[in-house]
1. Beyond a 25 Å Cα-Cα separation, which of these cross-linked pairs lie in this structure: K227/K254; K179/K288; K20/K254?
2. Tell me which lysines have Cα within less than 26 Å of K462's Cα, excluding those fewer than 8 residues away on the same chain?
3. Name the residues of the range 105-134 whose amide N is less than 20 Å from a point 7 angstrom out from the Cα of Q195 along the C-beta direction?
4. What is the packing order of peptides 440-452, 167-179, taking the mean over residues of other C-beta atoms within 10 Å and listing the highest first?
5. Once R0 is set to 35 Å, what does the formula 1/(1 + (r/R0)^6) return for the Cβ-Cβ distance between H496 and A447, expressed as a FRET efficiency to the nearest 0.05?
6. For the range 181-314, what is the accessible area per residue in Å², given a 1.4 Å probe and the full set of protein chains?
7. Can you give the FRET efficiency for T303 and E164, using 1/(1 + (r/R0)^6), R0 = 41 Å, r = Cβ-Cβ distance, to the nearest 0.05?
8. Roughly speaking, what is the stretch gain from K458 to L64, that is 0.36 nm per residue apart minus the C-alpha to C-alpha distance, in nm to one decimal?
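The values are calculated or read from the model by the stated rules, or taken from the named source; none is laboratory data. Just so it is clear, the model here is predicted, and its values are computed rather than measured. With ideal geometry, Cβ positions are generated from the backbone for all residues, glycine too; neighbour counts draw on all protein chains shown. Calculation scope for accessible area: heavy atoms of the full protein, side chains included, ligands and nucleic acids excluded. Shrake-Rupley method; radii C 1.70, N 1.55, O 1.52, S 1.80 Å.
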Amino acid sequence: MAGRRVNVNVGVLGHIDSGKTALARALSTTASTAAFDKQPQSRERGITLDLGFSCFSVPLPARLRPAPGAGPEPEPQLQVTLVDCPGHASLIRTIIGGAQIIDLMMLVIDVTKGMQTQSAECLVIGQIACQKLVVVLNKIDLLPEGKRQAAIDRMTRKMQKTLENTKFRGAPVIPVAAKPGGPDAPETEAPQGIQELIELLTSQISIPTRDPSGPFLMSVDHCFSIKGQGTVMTGTILSGSVSLGDSVEIPALKVVRKVKSMQMFHTPVSSAVQGDRLGICVTQFDPKLLERGLVCAPGSLHTVHAALISVEKIPYFRGPLQTKAKFHITVGHETVMGRVMFFSPAPDSLDREPVLDSFDFSREYLFQEQYLCPGPATAEADEKAGQASAGHGPRQQWALVEFEKPVTCPRLCLVIGSRLDADIHANTCRLAFHGVLLHGLEDRTYAESALPALRVYKLKQKHGVVERVLDDHSVIGRSLFKKETNIQLFVGLRVHLSTGELGVIDSAFGQSGKFKVHIPGGLSPDSKSILTSALKKRGRAGRGEAAKPEEAERPEPAQPVGLSLSFKRYVFDAHKRMVQSP
Ligand SMILES: Nc1nc2c(ncn2[C@@H]2O[C@H](COP(=O)(O)OP(=O)(O)OP(=O)(O)O)[C@@H](O)[C@H]2O)c(=O)[nH]1
Ligand SMILES: [Mg+2]
């Protein structure tokens, strides 16, 4: 039996043409000639060799070895699976899928160009989805020999500076030439710096704690059939574990199959856990139907038409995140178009702890026309919007995302919003926000069945004036409603008089949008004199135009007394009710 092996996945990401594929190739061949002389390379490669996947093995570093057991054990190996991502627009979808299986990211930079648009995007994705980073400066052969070291040093410092404001501050930067001389150079031209890179990777890699609990989920990167045996899917286990005889679901095809056999590194196994690279043979289905995708414990994924997600804006994204805007939404391993609506905690729960990993339907939330950027720049904007943000943005914001077509995803999966239609030559970051899917709406008719329970409200204010006094406890107001407004809906809501009294809307008055306000505490003598002194003036001056007879004696204050009404309107309330707000 082969020795113990541990698999780690290393992503190869970077701008188009930075040399990712050349690097993956150089790493695989250099490592195999250095470390694989005992066995033919083909045997050593993982069972999965799909486009973009290659691997090499090195002896497992001592720091990663478990305490030696009894008896002699063959030397354990560390298998590094390289996940070579494309550099083009398709990159984001592929990487976000890929990034969720990556334990370490290699960011490949063309040393003659430095950071480019997609290098920056990769760095953003790395920050969202990866824990560790190594920057590889490639194509150092293109630097003039005499100035090579100085140019490498300069670019190294530049990259370190770029990383300073990221979670990868202090990550190593290493120079290489994956394919010196470029495409036309003879194959005999040896790559430079690859052995050093392998050593660096080996020293940087840590093996994340693998957790066998939770539902089984595997990202499939290759699928083929073996005559007489069944269909084989190969990939990486993202969560949970799987054993022989288990039933697994292929959600994209809506079929459940039994696990007939499994292999890791060409060796039959009876179970496998999170992080393992695995080939899994199930009873026959057409492999053409599933090129890439997910396989999972039956029923563990859900198909959602809309979702409530936490949102954090990606600072490099230019422009605001507007409610009602459409984004490409990558949910787990799928990307679809979705329309967003942003909201924040209601002012009275601003100081409550943010709800992580779940969404609380019992709370109220404040609708936002756009995502609020934290920091002083928006404090003013927040004030304008009438929010009690006391100079700081809300600690957490959410969005409702409505998908153009349903997506199948694990619970609490990563969500990334991007503008993949943006011009890829326009040097801008296409990634706009990221978050976690907190609650999926599985019902096709969620708009009627689920959304009314989402208590997101808009804060509305209406202003009018007192037209005249009826008696000590009532006034007539106008200019608060339109003629056609159904004032009945507002009856009972409180209004504030600019003179300080509190009133309650009592009833409509006439047909022109006027209304009667009851003042429970009565008008103060001062207010009364303001309101009635005007009447006298008006009475003396008379009216220029011919007034309707019943309005001729209208006591109208010269100094207007304002009436203001604040209320909440819940975005998903089908009845469009108004609810008093303080
Ligand atoms: N001079 C020189 N050319 C290199 C080096 N590495 C790669 N190249 C060339 O750069 C070009 C792009 O290399 P690839 O490996 O295909 O780049 P990539 O990053 O995988 O490209 P995409 O997958 O399309 O994003 C090819 O013509 C390579 O031969 C190097 O170290 N030196
Ligand atoms: Mg490539």
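1. On the way: K227/K254 23 Å; K179/K288 35 Å; K20/K254 36 Å.
Pairs exceeding 25 Å: K179/K288; K20/K254.
2. K324, K384, K482, K483, K514, K516, K528, K568, K576
3. Answer for this model: none.
4. Values: 440-452: 15.8, 167-179: 19.7.
Highest to lowest by the protection proxy: 167-179, 440-452.
5. Numbers: r = 36 Å, r/R0 = 1.02.
Once the sixth-power term is evaluated, E becomes 0.50.
6. Details: 6090 Å² over 134 residues.
Heavy-atom SASA per residue in the range 181-314 reads 45 Å².
7. Numbers: r = 42 Å, r/R0 = 1.02.
According to the calculation, E is roughly 0.45.
8. Values: separation 394, 0.36 × 394 = 141.84 nm, distance 5.47 nm.
Length gained, K458 through L64: 136.4 nm.
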